[in-house]
1. What are the pairs with Cβ atoms under 7 angstrom where one residue, in segment 145-159, is more than 16 Å from Ala109 (Cα to Cα) and the other, located anywhere, is open to solvent by less than 70 Å² (accessible area, probe 1.4 Å)? Sequence gap at least six, or different chains.
2. Exactly one condition in (1) open to solvent by 80 Å² or more (accessible area, probe 1.4 Å); (2) over 24 Å from Glu41 (Cα atoms) is not met by Gly162; state its number.
3. Among what's in segment 133-159 and is under 17 Å from the mean Cα position of the chain (by Cα) and of a type outside the set (A, V, I, L, M), pick the residue that is nearest to Gln91 (Cα to Cα).
4. Just give me the residues in segment 76-93 being open to solvent by 10 Å² or more (accessible area, probe 1.4 Å) and more than 11 Å from the chain's Cα centre (by Cα), in sequence order.
5. Of the conditions (1) open to solvent by less than 60 Å² (accessible area, probe 1.4 Å); (2) closer than 19 Å to Leu24 by Cβ; (3) free of Cβ contacts under 8 Å to residues at least 24 places away in the same chain, Arg138 fails just one. Which one is it?
6. Any residue that is modelled with pLDDT under 85 and open to solvent by less than 20 Å² (accessible area, probe 1.4 Å) - is there at least one of those in segment 10-19?
7. Take segment 170-182 and flag every residue that is under 26 Å from Thr100 (Cβ atoms) and open to solvent by 90 Å² or more (accessible area, probe 1.4 Å).
8. Within segment 130-153, can one find any residue that is assigned to a strand (DSSP E or B) and under 24 Å from Cys48 (Cα atoms)?
Amino acid sequence: PGPSGSTLSEEVAAYLDRGEPPVLVAFGTSTATIAGPRLREVARALDCAGLRGLFLAGTAATAAELHGIDGVFEFAPLAQVLPRCVGVVHQGGHGTTAATLQAGLPAVALPMGFDQIVHGRRITELGVGRMVRGKGDRVSAIADALNAISDPAVRAAARDFGRRLVEEDGIGNAADLVERYC
């Protein structure tokens, strides 16, 4: 969610108001390691799929690398942005995956390793997203995944899963299990 008290900037709000709901592109702390090349790759895939993107670059330097791409901002709080998006492209990290699932949005995961691969597989298994792996020019694969998550059935599955997550009493269920087995 970002620093305590984070609010949506006027610039991000204006961008969101200006057109169709975008696909959020956010790689969390992974942005520092992949920066411009990965974000430009996703921008090309969004163009191929005919979708608009909202890119959270993480730093002013990364945002500057993406000069010429519309919708690039350093930061926006996910809680305020996700309800205004149609999907998410992310690295598959725990925090972004959880926020995306809770928001009921379909996702494309572009993992770089470890838990990100597990989360990418899981969103695919749940029918709420797709994972794209591999090296080289992956623009076509990402565009195909974006088209797949645009399917009404995938969107409905993501909304339903998000609703179930919000309704679930995870802490209460965990406490009941601990009490039952301890």
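The values are calculated or read from the model by the stated rules, or taken from the named source; none is laboratory data. Everything quoted here is computed from the prediction, not taken from an experiment. Backbone-built Cβ (ideal geometry, glycine too); neighbour counts: all protein chains shown. Accessible surface areas use protein heavy atoms only, side chains included; no ligands, DNA or RNA. Shrake-Rupley method; radii C 1.70, N 1.55, O 1.52, S 1.80 Å.
1. Ala157/Gly127; Ala157/Val128; Arg159/Gly104
2. Unmet for Gly162, out of (1) open to solvent by 80 Å² or more (accessible area, probe 1.4 Å); (2) over 24 Å from Glu41 (Cα atoms): (1).
3. Arg133
4. Scanning segment 76-93 gives Ala79, Gln80, Pro83, Arg84.
5. It fails just one condition, (3).
6. So far as segment 10-19 goes, no, none of its residues is modelled with pLDDT under 85 and open to solvent by less than 20 Å² (accessible area, probe 1.4 Å).
7. Scanning segment 170-182 gives a single hit, Ile171.
8. The answer is yes, given that some residue of segment 130-153 is assigned to a strand (DSSP E or B) and under 24 Å from Cys48 (Cα atoms).
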